[in-house]
1. Projected onto the charge dipole of the chain (+1 at Lys/Arg Cβ, -1 at Asp/Glu Cβ, origin at the Cα centre), which of A80, T42, A101 gives the Cα projection farthest towards the positive end?
2. Take E74 and D26, extend 7 Å from each Cα along the Cα→Cβ direction, and tell me the distance between the two endpoints in nm.
3. What does DSSP give for the chain in terms of the percent of beta bridges that are antiparallel, rounded to the nearest 5?
4. If the chain between I6 and E174 were fully stretched, how many nm would it gain, using 0.36 nm times the residue separation less the Cα-Cα distance?
5. Please state the Cα pair-distance histogram of the range 15-184 with 5 angstrom bins from zero: what percent is in each bin?
6. Expressed as cubic angstrom per residue, what is the convex hull volume of the alpha carbon set of the range 109-162?
Amino acid sequence: MDAMAILKIARMGHPVLGRIAEPIDDPKAPEIGQLISDMIDTLADASGAGLAAPQVHVLLRLVMFHVPQARAEEEDGDGAEGCPFTVLINPEIETLGDDTAEGLEACLSLPGLAGMVTRHRHIRYRGTNHKGEVIEREAVGFHARVVQHECDHLEGILYPMRMHDLSTLTFTSELKHTDEAEDDQP
Ligand code: NI
């Protein structure tokens, strides 16, 4: 049995987060399997929604994510669909329609922060899993947001680079004051 491995997550400012990741030639290679296993441990330890290989200092096109049903409904309303835990190798995104949506994003490479980001509302994405099997899905809302966020990491893009209004960049620990601030308006 492989030992559990929690990898070090690069934080904003580390050059590895600004580089373009390379395609994976063989999704079934043992070293890719090991990377996936270590990234799963790392993501679980950090309690994140998603993780991209460049965040653990590996410049390969591999992302993983999940959207629990409760989180999807919290973000998109009752009946919104979540997404099972998914590993996507060499992902590609196609946008469907022109609709965009604003939503709060956070990232394990910017611990403690969150900000409002505009994303395409409806996408189709495609890639392979660790067995080399093709995964192709349509996604809307928060699910689509998470996939766009993770795939941005493969292009060296962090969510603040997508923000239109930097005044919405906040420490998540201060979000609890947002309602108070509104109540305090004269
Ligand atoms: Ni991120």
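1. After comparing all options, I get T42.
2. 4.1 nm
3. Numbers: 28 of 29 bridges.
Counting only bridges with both partners in the chain, antiparallel ones make up about 95 percent.
4. Values: separation 168, 0.36 × 168 = 60.48 nm, distance 2.83 nm.
So the extension gain works out to 57.6 nm.
5. Calculated P(r), rounded to whole percents: 1, 8, 17, 21, 22, 16, 8, 4, 2, 1, 0, 0.
6. Spelled out: Cα convex hull of the range 109-162, divided by residues, is 98 Å³.
All of the numbers you see were taken from the coordinates with simple rules; none came from a lab. The structure presented is a predicted model; accordingly, all values stated were derived computationally and were not measured. Please note: Cβ atoms are built from the backbone with ideal geometry, for glycine as well, and neighbour counts cover all protein chains shown.
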